[in-house]
């Protein structure tokens, strides 16, 4: 008896120590407390721009403001002129292609297709002035639009189709005297409306992010940390970190969760191990387009229908366009579950002039590279935007149509509604051949989701992925995942063995009972 | 005549019951991790499964030491002798109230069929489970984390072995639990494993003569 007690006590102790060792963890306090301290400190601006005499004189053009800015900020213009916000492109190395200056000038998307020939209207989201169809100087510092990013009065706005110039109603003096670090509104005015409307492109960046609730985004929540964009998108010399892979290709200068949260953010070791292969966003952005719908499909092939010779629009109950004569038909989605892909931080792109290899399947315009076996790859959540857009079946080139013009007769699709004319003029503008034939091809774009981070309690849990049915990762099949995956052979063979054991035991037991009863009866009879 | 013999020593009984509890617990948590039951919650199942696995490994280390220190490992040396008659007993004799073909004793507590099955468990199934389980826990995701020497690209094969072993253990337990009832009386085996004592027939019988040749030691002890 003593022995039993002693060995029980020893094993109990061993068990307790094991459990203790296994569940103990080192909490990274320093990072978190540093962050808290930083957030609690009020930012103060070292200068009061309203006191500068240079900013008192009446500005009559936005260029005058810029010229005044750079008299003091005398190195800033050079920084800006080398930034991708100004150039609309980045120097990127793409496997198999070499060094490419990748940007809006040579990439094609499956929303409004491209900016080429449409600069006047697209320039509403360029940090410059004077962007007309041809001859914009990317080296003239006078054309830098300082105010669009640094206005802290929330009153600056660019005019429609003015080549990037501010709306005439804007009070340039007042704004120039109240400049500062960019707020959410400075970034959001372009980045929330990309593609010609709220939340058309990203899905996770839209107008609800101007003043988000905690449900929409834990970091930017006005009731919480109230982050501005540049809190995470840290900036050195006007080079803003973070970029989206719709228009970038290399794994560099990214804004990451780890820069604050480290790569071991969880108390649980097994969760930390998940970060080897799973991006933070995968679990912590369980849904996107939480407040307003995002565009998920765009069919250009239906564009051009007119009513009484006039373009028209059809809206859904939320006020989103489902049909526009100038653009075609759209599908929208709200509170969407992301799609999931492997991603190693590099991407390939369809560039203007590339020949489509296989027209029978959807053409991916920005292929995100990655796989389970690739050591840099992690699973990330994406929004997939699907479209049907024009291509030339003879040359197998995607078509850059001329879309916008001031008036009819210049071939612009949005005025003349003639695909062939728009394609002819548009392709001529970019010096590419056009056979005269137009067909529509299905295309896909992958938009990594990084915003609308949910609170801890709303993040994914184990069984969102680790489950037989409806796993979030049902589409990623290049690896074995516990609970989702099994070998049908082993499971069915195993189950058969177990059931046969039960059956055998049951049959044997029954026979024993029956035979023993018979024996007893026999013995009774003998008596 | 029948003697009360101390047949299972305290550590042996403790090891047996601890192992029983752990296997049941590992099966429950394991099949939850496998995605076929839902009881503890997935995260808990994973955590508990690991903790139970470590306890099991410690138990195994103690048990191995015990087996060699006491020489009890010899109990598991397989023999073909009487294997046939043991099988015949389970298939035929048991229904006719025939006596057990082999006698239980301190030096030979396992019948030939038990020797074979337990040995297979000890050298095939349990090692498979321990090794695949440790690989499952410590394998390195492709080129990241974990132990550098264990740079395994996929846990597919590991998981399949671990699952197959689990099914085998489950089948073993079902049959084992049933065969507990096939002792001298329905509960005699169970009582023996709880108290350590079992009433063992030491009378000279027809079967004893056969086993005399092979189990001389047993005879000595019985006398």
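Below, the figures for the structure above:
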| quantity | calculated |
| --- | --- |
| Residue B:49 vs. criteria surrounded by 17 or more Cβ atoms within 10 Å (Cβ to Cβ) and touching a residue at least 60 places away in the same chain (Cβ under 8 Å) | no |
| Residue B:130 being at pLDDT 90 or above, within 28 Å of residue B:30 (Cβ to Cβ) and within 14 Å of chain A (Cβ to nearest Cβ) | no |
| Flag if residue A:283 is surrounded by 21 or more Cβ atoms within 10 Å (Cβ to Cβ) and over 20 Å from residue A:347 (Cβ atoms) | yes |
| Lone qualifier among A:357, A:334 - being modelled with pLDDT under 95 and in the same structural domain as residue A:243 (by TED's automatic domain parsing) | A:357 |
| Residue among A:111, A:59 that alone is assigned to a loop (DSSP other than H, G, I, E, B) and over 26 Å from residue A:347 (Cα atoms) | A:59 |
| Meets criteria (in the same structural domain as residue A:274 (by TED's automatic domain parsing) and either surrounded by 18 or more Cβ atoms within 10 Å (Cβ to Cβ) or under 11 Å from residue A:392 (Cβ atoms) (or both)) for residue A:445 | yes |
| Qualifying residue in segment B:150-165 (condition: modelled with pLDDT of 85 or more, more than 27 Å from residue B:3 (Cβ to Cβ) and assigned to a loop (DSSP other than H, G, I, E, B)) | yes |
| Residue A:438 crowded, with 22+ Cβ neighbours inside 10 Å and away from every other protein chain (no Cβ under 14 Å) | no |
| Residue in segment A:101-117 that is surrounded by fewer than 21 Cβ atoms within 10 Å (Cβ to Cβ), in contact (Cβ under 8 Å) with a residue 12 or more places away in the chain, under 30 Å from residue A:391 (Cβ atoms) and more than 24 Å from the chain's Cα centre (by Cα) present | no |
| Qualifying residue in segment A:291-314 (condition: farther than 30 Å from residue A:438 by Cβ, in the same structural domain as residue A:454 (by TED's automatic domain parsing), surrounded by fewer than 20 Cβ atoms within 10 Å (Cβ to Cβ) and at pLDDT below 95) | no |
| Criterion violated by residue B:55 - all others in (1) more than 8 Å from chain A (Cβ to nearest Cβ); (2) within 23 Å of residue B:122 (Cβ to Cβ); (3) surrounded by 16 or more Cβ atoms within 10 Å (Cβ to Cβ) satisfied | (1) |
| Selection count where residues are surrounded by fewer than 21 Cβ atoms within 10 Å (Cβ to Cβ) and assigned to a helix (DSSP H, G or I), scope segment B:28-41 | 2 |
| Residues located in segment A:480-490, provided they are more than 7 Å from every other protein chain (Cβ to nearest Cβ) and either surrounded by fewer than 13 Cβ atoms within 10 Å (Cβ to Cβ) or over 30 Å from residue A:338 (Cβ atoms) (or both) | A:488, A:489 |
| Lone unmet requirement of (1) in a loop (DSSP other than H, G, I, E, B); (2) in contact (Cβ under 8 Å) with a residue 60 or more places away in the chain for residue A:208 | (1) |
| Qualifying residues in segment A:373-401 (those that are within 14 Å of chain B (Cβ to nearest Cβ) and buried (at least 20 other Cβ atoms within 10 Å of the Cβ)) - the one farthest from residue A:334 (Cα to Cα) | A:377 |
| Any hit, segment B:16-30, residues being farther than 30 Å from residue A:507 by Cα, in contact (Cβ under 8 Å) with a residue 24 or more places away in the chain and over 16 Å from the mean Cα position of the chain (by Cα) | no |
| Residue count, segment A:461-472 (criterion: in contact (Cβ under 8 Å) with a residue 24 or more places away in the chain and buried (at least 19 other Cβ atoms within 10 Å of the Cβ)) | 1 |
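Residue-wise test of (1) within 13 Å of chain B (Cβ to nearest Cβ); (2) loosely packed, with under 15 Cβ neighbours inside 10 Å; (3) free of Cβ contacts under 8 Å to residues at least 40 places away in the same chain.
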residue: A:403; (1), (2), (3): no, no, no
residue: A:425; (1), (2), (3): no, no, no
residue: A:432; (1), (2), (3): no, no, no
residue: A:457; (1), (2), (3): no, yes, yes
residue: A:478; (1), (2), (3): yes, yes, no
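Yes or no, residue by residue, for (1) assigned to a helix (DSSP H, G or I); (2) at pLDDT below 90; (3) surrounded by fewer than 16 Cβ atoms within 10 Å (Cβ to Cβ):
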site: B:59; (1), (2), (3): yes, no, no
site: B:68; (1), (2), (3): yes, no, yes
site: B:104; (1), (2), (3): no, yes, no
site: B:108; (1), (2), (3): no, yes, no
site: B:113; (1), (2), (3): yes, no, no
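The values are calculated or read from the model by the stated rules, or taken from the named source; none is laboratory data. Source: prediction; values computed, not measured. For neighbour counting, all protein chains shown are included, and Cβ atoms are generated from backbone atoms with ideal geometry for every residue, glycine included.
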